[in-house]
Amino acid sequence: MDSWNPGQAASSRLAGSRVARAAILAVLFSLLPLQKTAAHDPGLSSLAVRPWRNSLEVTLTLAVRDAAQLAELDEDHDGIVTQAEFAQTRSQLETAVARQLFIAADGKIAKHSSIHSRLDGNNNVEVRLDFGTTTFSSLEIQSKLIASLALGHRQYLEVQNLRGKTIFERLLSAAANRATMQRPHTDASTAGLEAVRSFTNFLCLGVKHILTGYDHLLFLFGLLVVARGFASSLGIITSFTIAHSITLAVATLHPVQIPSRIVEPLIAASIVFVGIENLLRGDIPTARRMVAFGFGLIHGFGFASALREAGIGSGTGSILLPLFSFNLGVELGQIMVAAAALPIIWKLRENPMFIARWAPACSAAVVLLGSFWFVQRVWMT
């Protein structure tokens, strides 16, 4: 029989501690922002095409930070585009849009008769072009603008009829910046195919948004790092999901809107709150589901910015499918992250050393990262 060796046991405990440390660091570093300073970048704009009696109206809507990549809008380089600055530089933006946006009716390039742009109160820029053509059997739209925007940017294309009903929609990218619409002939199979295509596009966009939404993921990690098991974790995730689904729908459909300059610092503050609560209240704070639900309402407004800043949610019926599929994509991405992280957390919680030292260390890291984002969003934007 082998004799027990105290040195060997100590060495085993040390190795186990190192494994736990490596696992925790891997989880935390996976939550660090991979881009310059933003916790997440929706990377989404919209292009709406609608015929009127004597013209074809094309409206491009994009976030001001994206518009600033097309023209030098921020003259003093302070990170803020004012109405005065926009008035001075809007012609540059309009020229850039007119040069890189192409509309062809029945194979013939249409020329715009007028162009106008404005900066609204939600840090969105709208550029409207009027084309002198209204009759066509096919319409081709090409947006070369996307190649000038951030890598991975997507543009939601929507074509409406005279009644404002959406008859065609597509999600464009730099690699696929062109779409052709044929006049619908009440073909149910074609309509069904377009609906499936739109559903898939926005589902993938929702998954991508949550997987790059490092602030949302860090908040969820802070909630779950003290969860004891499956039932506790499921309750927390469910509360968070219900809450942000409610405000995602409310904000996108426009009944209630909160400016991003308020929502983004509040999201960072929710991360700080959860981390501090973990440190002060111990292993599993009471009412954790209510905390997840309450702050989940705020995070839902953050999710909505990915759709609302692009102009999606203008009151047409087309918003329902993008809203549903985008939200479903967010949930699928959230489930993917939870399925990968929770087994690691549960395994580590079997070690008393993790509960005593590493869980508080994780919560402290959550507080630090949340504080960094809060300061950044309040004083540096």
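Starting from 0.36 nm per residue, how many nanometres of slack lie between ASP106 and PHE372 once their C-alpha separation is accounted for? Intermediate values should be presented prior to the final figure.
On the way: separation 266, 0.36 × 266 = 95.76 nm, distance 5.33 nm.
The span from ASP106 to PHE372 would gain 90.4 nm if fully extended.
Considering only DSSP states other than H, G, I, E and B, which chymotrypsin sites (Phe, Trp or Tyr not before Pro) in region 78-176 qualify as loop sites with at most 14 other Cβ atoms within 10 Å? If you can, show how the numbers build up before the last one.
On the way: sites: PHE86, PHE102, PHE131, PHE136, TYR156, PHE168; in loops: PHE136.
Filter output for region 78-176: empty list.
With every protein chain left in place, what is the accessible area per residue of region 85-134 in square angstrom, probe 1.4 Å? Provide the component values of the computation, followed by the final result.
Numbers: 2590 Å² over 50 residues.
About 52 Å² of surface per residue is accessible.
In whole Hz, what ³J(HN,Hα) sequence does region 97-104 give by Karplus (6.51, -1.76, 1.60; θ = phi - 60°), x for Gly and Pro?
5, 4, 6, 10, 10, 10, 10, 10
Is any residue of region 91-132 close enough, with backbone N under 13 Å, to a label point placed 7 angstrom from the Cα of GLU75 along the Cα-Cβ axis, and if so, which?
It comes to 91-92, nothing else.
For MET336, what accessible surface area do you get with a 1.4 Å probe? Give it in Å², rounded to 10.
100
Apply 1/(1 + (r/R0)^6) to the Cβ-Cβ distance of ILE246 and ILE344, taking R0 = 25 Å, and write down the FRET efficiency to the nearest 0.05. Write out the running numbers ahead of the final one.
Working: r = 30 Å, r/R0 = 1.20.
Plugging the Cβ-Cβ distance into 1/(1 + (r/R0)^6) gives 0.25.
Length gain on complete extension for the stretch ALA84 to ARG228, per 0.36 nm per residue less the alpha carbon to alpha carbon distance?
On the way: separation 144, 0.36 × 144 = 51.84 nm, distance 5.46 nm.
Going from the current span to full extension adds 46.4 nm.
Of the heavy-atom accessible surface of region 203-300 (probe 1.4 angstrom), what whole percent is carbon and sulfur?
75
The values are calculated or read from the model by the stated rules, or taken from the named source; none is laboratory data. Computed from a predicted model, the values in this text were never measured in an experiment. Cβ atoms come from the backbone with ideal geometry, glycine included; neighbour counts cover every protein chain shown. Protein only, heavy atoms only, side chains kept; ligands, DNA and RNA dropped before computing areas. Shrake-Rupley method; radii C 1.70, N 1.55, O 1.52, S 1.80 Å.
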